[in-house]
Amino acid sequence: MNAVDLATYARDGYLVLEGFLPPTDCDTLQARAAELVAAFDPGPVRTVFSARDQGHARDRYFQESGGAIRFFFEEQATDRPVPLALSKIGHALHDLDPVFDCISRQPRLAELAHALGMAQPLLLQSMYLFKQPRIGAEVGWHQDATYLHTRPSTVIGFWIALDDADRDNGCLMVLPGAHHGPLRERFVRAGDQMVTRVLDATPWPDIAPVALEARRGTLVVLHGLLPHASAPNHSSRARHAYALHLIDGQADYPADNWLQRPDLPLRGFA
Ligand code: FE2
């Protein structure tokens, strides 16, 4: 991180830091995720997580996952073995699993958060994303602040490629500079339901999407208001990634945010 990177981030709403995570750390996260999956007994609950279809929203398994380690399946995965059927693991890996904790709280990530202007960074959410070969589903255009809102908006995403990500296996896509626009929607708790509330109907700006092809170990910083998406994985290759979302503890965290952790206080990098 230097002054040039900060200017780029301010202008574009994202930064691509190639080779940020060493291959050994990528190996460690992938091996640990495989262990967690091997130990996971899906039982009768093969909860689907789909960013398009929010039919999962009433599912308590999802609602309580902000303070837990939970496993979510791809929609098209009914006949696949579990390791090839999962969509993601979330959302407190960084607090509840020692391996993810250690890598998530490494000093270089703390320095990055501070360099990006976070006064009191808190590690709010972590996700291990599988984007499985052939069935890894599209994630539609969205802003992360829709799901993780603070007042003012402070959420920043650290997205780390654990496999090479390209157009064929569903790399990230962004609308450069579109983080200067308003937050369009919030995904909130309303009683025991999750609902999406429209705040601002402004369409996404007419900016050509940029595909962020990323080698393994690349860290992409995503501003919380930057519209981003990823295409389906049409390839025979997996596209694993680890995503960590931070907020600034100096901002207000609304009680109607979907992600609540009544039994697990938020922590920073210490
Ligand atoms: Fe996102």
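The values are calculated or read from the model by the stated rules, or taken from the named source; none is laboratory data. Computed from a prediction, not measured in an experiment: that's the story for all the values here. Note that each Cβ is placed from the backbone with ideal geometry, even for glycine, and that neighbours are counted across all protein chains shown. Areas reflect the complete protein model, heavy atoms only, side chains present, ligands, DNA and RNA absent. Shrake-Rupley method; radii C 1.70, N 1.55, O 1.52, S 1.80 Å.
Of the residues ASP256, ASP95, ASP248, the one that moves most in a GNM of the chain with alpha-carbon contacts below 10 Å is ASP256. Shown in residue order for the stretch 208-214 are the 3J(HN,Hα) couplings computed by the Karplus curve 6.51 cos²θ - 1.76 cosθ + 1.60 at θ = phi - 60°: 5, x, 10, 7, 9, 5, 9 Hz (x for Gly and Pro). Estimated from the Cβ-Cβ distance and a Förster radius of 30 angstrom, the FRET efficiency linking LEU183 and GLU18 is about 0.55.
Here is how the number arises for the chain: DSSP H runs of 4 or more residues each give -39500 (n - 2.57), the sum is divided by the residue count, and the result at 222 nm is -5000 deg cm²/dmol. Apply the Debye scattering formula to the stretch 3-248, with a single equal point scatterer on each alpha-carbon and no solvent, then give log10 I(q)/I(0) at q = 0.10, 0.14 Å⁻¹. For the stretch 3-248, the Cα-only Debye profile gives -0.45, -0.93.
To the nearest 20 debye, what charge dipole does the stretch 88-144 have about its Cα centre, counting +1 at the Cβ of each Lys and Arg and -1 at the Cβ of each Asp and Glu? My answer is approximately 200 debye.
In the context of the full set of protein chains, residues of the chain present 43 Å² of accessible surface per residue (probe radius 1.4 Å, heavy atoms only). Measuring nothing but protein heavy atoms, the accessible surface of the chain at 1.4 Å probe radius is 55 percent carbon and sulfur. Sorted from longest to shortest, the spans of the Cα atoms of the stretch 67-189 along the three principal axes equal 46, 35, 34 Å. Structure remark: mean-square fluctuation, Gaussian network model of the chain, C-alpha springs under 10 Å; the largest value among HIS149, HIS234, HIS94 belongs to HIS234.
The largest-to-smallest principal axis extents of the Cα set in the stretch 124-261 are 41, 35, 28 Å. Legend: helices of the chain (whole DSSP H runs) are marked when their alpha-carbon atoms reach 15 angstrom or more along the helix axis and their mean Kyte-Doolittle hydropathy is at least -0.5; marked are 23-39.
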